[in-house]
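Encoded as structure tokens, the structure appears first; notes follow it.
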Amino acid sequence: MERLEIHLDRVDVDLGTARILHDLTLYVAGREHFAVVGDNGAGKTTLLRLLTGELWPSQRSGGRRVYRLCGEDSESPIAVRPHVRLVTPDMADWYQRHDLRVPIWEVVCAGLRNTPFLYHEASEAEQEKARTLGFEMGLGSVLDRPMRAVSTGQAKRALLARALIAEPLLLAVDELTQGLDRQGQLRLLDALNRIADTGRTRLLVSGHGLLPVPEAVRGRIFIEHGRLVDRPSRVRPGVLDLPERQAADARPETVVELRGCSVVMDGRPAIDDLTWTVRSGQCWGVLGRNGSGKSTLLQLVTGYRRAWPGGESSWFGRTGLIRMSEIRGRIGILAPWLGERMEPGATCRDVLLSGLCDGLGVHRGLGPAQIAMAEDLAGAWGMEDWLDRALSSLSFGQARQVMLARAVVHAPELLVLDEPFSGLDASWQARMVELLSDWASRGRTLILATHSPEFMDDLLTHGLILDQGRCAEAMEWPKLRETAAFAALFGQSGADLSRA
């Protein structure tokens with residue numbers, strides 16, 4: 001890795017008219033690996049994009065970025081591009097939006113030339129290399145499936161394998177463990193440690209203060225409000241207030257009921273003959289490994305997927321033929337797959353207001369009082385400065401915060417959350433726990449898929465463990481934590497996890 005050095009000298013970075021990074025002086029050289037640490041919106045992703053050559057320094061200031069490759073200096077990243085790779089959470093969204101039926105092994109193989117898919121027929125040696133790396137990343141069972149048919153965690157590992165296959169001199173990974181279950185995190189950290197041991201590839205990973213990192217990553221780059229700092233400050237933000245909900249005429253006893261439901265994707269059951277009932281006021285945690293069917297179940301619950309013939313679903317006591325547009329107004333949703341469907345270029349104001357009319361970044365027919373209420377919520381949550389910005393211009397964690405506000409702005413009866421803690425810094429995770437505790441205390445119903453059950457003891461009433469689309473266990477939360485299925489999932493007993 002000594003062959004590649006990066007020098008930043010008083011560099012600024014502008015996105016549009018906004019200055020994101022300020023006066024950065026940084027020297028990346030030697031044999032050290034680094035973690036870039038900061039809160040949501042600090043500028044971590046922008047810094048990684050700057051270092052890997054995806055962004056240019058501001059032309060309005062006199063800073064310089066210099067790459068030294070094999071002793072040759074250049075201010076252009078063109079020469080180093082074949083030797084660097086960047087993995088970000090939104091890369092998987094690209095495959096989802098374009099709905100490409102490109103198998104995982106081909107996505108991995110395309111990393112040899114840093115293209116999204118192959119533009120030529122892969123040689124036997126290239127295919128073998130892609131499949132071998134896929135197996136090492138725990139993707140053996142899904143290598144022939146398209147990206148759109150795998151879980152968030154599996155897609156993340158596929159993109160990491162795509163980056164690793166090129167044996168780059170610099171590998172930058174944004175939001176390192178986002179979307180991965182415990183087993184996936186350990187597998188990834190082990191793979192990155194092996195790469196670091198070769199001495200060829202420098203690792204540059206980003207995350208928050210509690211980020212689990214490979215043992216080899218000992219260097220830290222702290223960033224706060226776009227500036228490098230010696231140590232980040234600890235400022236605890238305020239509590240997230242919930243909108244008040246108008247009293248319903250009568251609260252239904254059953255909120256969601258599934259009977260013998262299956263969902264088949266690309267010829268395989270993602271949900272397999274599932275029967276499950278969620279009653280009013282219950283708070284359910286949905287657990288399982290990457291690829292177990294958690295996100296598919298949440299899509300089924302929210303009407304974004306339909307069960308195959310033979311299965312029956314009901315919402316809020318309503319059976320028979322149901323128009324989901326009438327049901328979704330009573331449900332709040334926070335999920336990565338919902339963000340993928342948002343209108344391109346939608347502003348944060350559009351996204352927030354669309355929560356009042358079940359739109360995906362578009363809204364219509366709202367009165368002044370509704371608009372004012374939504375904007376008041378944005379102000380109370382510290383988002384007022386983002387309202388006129390495009391959602392796509394925010395950091396991953398900031399975008400998650402806006403989508404959370406959208407999920408609760410209409411004070412729904414049922415809140416459905418897919419990995420709500422993913423991509424949030426420690427302060428926002430604490431705010432999320434407080435918000436959900438407030439939600440539960442008001443007797444509202446919650447369904448939450450998570451890889452982080454350590455947050456859940458004082459919140460959840462029930463838990464469901466999925467295994468390959470089937471129900472492995474479903475019971476009250478305290479009892480679930482003592483089951484063998486829970487211990488197998490997290491590698492420790494419920495009591496041990498409480499003390500972790």
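Before moving on, here are some points about what is shown:
- Residue match in region 66-75 (condition: over 29 Å from E215 (Cα atoms), in contact with a Leu (Cβ under 8 Å, 6 or more places away or on another chain), open to solvent by less than 80 Å² (accessible area, probe 1.4 Å) and at pLDDT 90 or above): no
- Given (1) acidic (D, E); (2) out of contact with any His (no Cβ under 8 Å at 6 or more places or on another chain); (3) crowded, with 16+ Cβ neighbours inside 10 Å, index of the condition D350 fails: (2)
- Filter result for the condition that a residue is open to solvent by 20 Å² or more (accessible area, probe 1.4 Å) and within 20 Å of L242 (Cβ to Cβ), over G339, G329, G367: G329
- Residue that is surrounded by the fewest Cβ atoms within 10 Å (Cβ to Cβ), among those in region 212-238 that are among the hydrophobic types (A, V, I, L, M, F, W, C) and at pLDDT 85 or above: V229
- When V87, V66, V37 are checked against the criterion of being hydrophobic (A, V, I, L, M, F, W, C) and within 21 Å of L164 (Cβ to Cβ), a single residue qualifies: V87.
- Residue tally, condition within 19 Å of C348 (Cβ to Cβ) and open to solvent by less than 10 Å² (accessible area, probe 1.4 Å), over region 404-416: 5
- Residue count for region 13-59 satisfying the condition of being open to solvent by 20 Å² or more (accessible area, probe 1.4 Å), part of a strand (DSSP E or B) and either touching a residue at least 60 places away in the same chain (Cβ under 8 Å) or not hydroxyl-bearing (S, T, Y) (or both): 10.
- Of the set (1) out of contact with any helix residue (DSSP H, G or I) (no Cβ under 8 Å at 6 or more places or on another chain); (2) aliphatic (A, V, I, L, M); (3) closer than 13 Å to Y67 by Cβ, all apply to I6 but (1).
- Some residue of region 374-386 being in contact with a Cys (Cβ under 7 Å, 6 or more places away or on another chain), among the aromatic types (F, W, Y) and open to solvent by 20 Å² or more (accessible area, probe 1.4 Å): yes
- Given (1) hydrophobic (A, V, I, L, M, F, W, C); (2) at pLDDT below 85; (3) touching a Leu at 6+ places or on another chain (Cβ under 8 Å), number of the condition A149 does not satisfy: (3)
- Taken over region 302-317, the criterion of being of a type in the set (S, T, Y) and in contact (Cβ under 8 Å) with a residue 40 or more places away in the chain is satisfied by T302, S313, S314.
- Whichever residue in region 391-403 is open to solvent by 10 Å² or more (accessible area, probe 1.4 Å) and touching a Cys at 6+ places or on another chain (Cβ under 8 Å) and, among such residues, is modelled with the highest pLDDT: L391
- Among residues of region 344-369 that are farther than 21 Å from I327 by Cα, those with a beta-carbon under 9 Å from a residue that is of a type in the set (D, E) and open to solvent by 40 Å² or more (accessible area, probe 1.4 Å) at least six positions away or on a different chain give the pairs T347/D388; C348/D388; R349/E375; R349/D388; D350/E343.
- Scan of region 437-447 for residues that are in a helix (DSSP H, G or I) and in contact (Cβ under 8 Å) with a residue 60 or more places away in the chain, ordered by number: D438, W439, A440
- Only listed residue being outside any loop (DSSP other than H, G, I, E, B), touching an Asp or Glu at 6+ places or on another chain (Cβ under 6 Å) and on the phi < 0 side of the Ramachandran plot, chosen from A378, A430, A407: A378
- Qualifying residue in region 410-420 (condition: over 17 Å from the mean Cα position of the chain (by Cα), without any contact (Cβ under 8 Å) to a residue 40 or more places away in the chain and closer than 29 Å to L360 by Cβ): no
The values are calculated or read from the model by the stated rules, or taken from the named source; none is laboratory data. Everything quoted here is computed from the prediction, not taken from an experiment. All Cβ positions, glycine included, derive from the backbone under ideal geometry; neighbour counts span all protein chains shown. Side chains included, ligands, DNA and RNA excluded: accessible areas come from the protein's heavy atoms. Shrake-Rupley method; radii C 1.70, N 1.55, O 1.52, S 1.80 Å.
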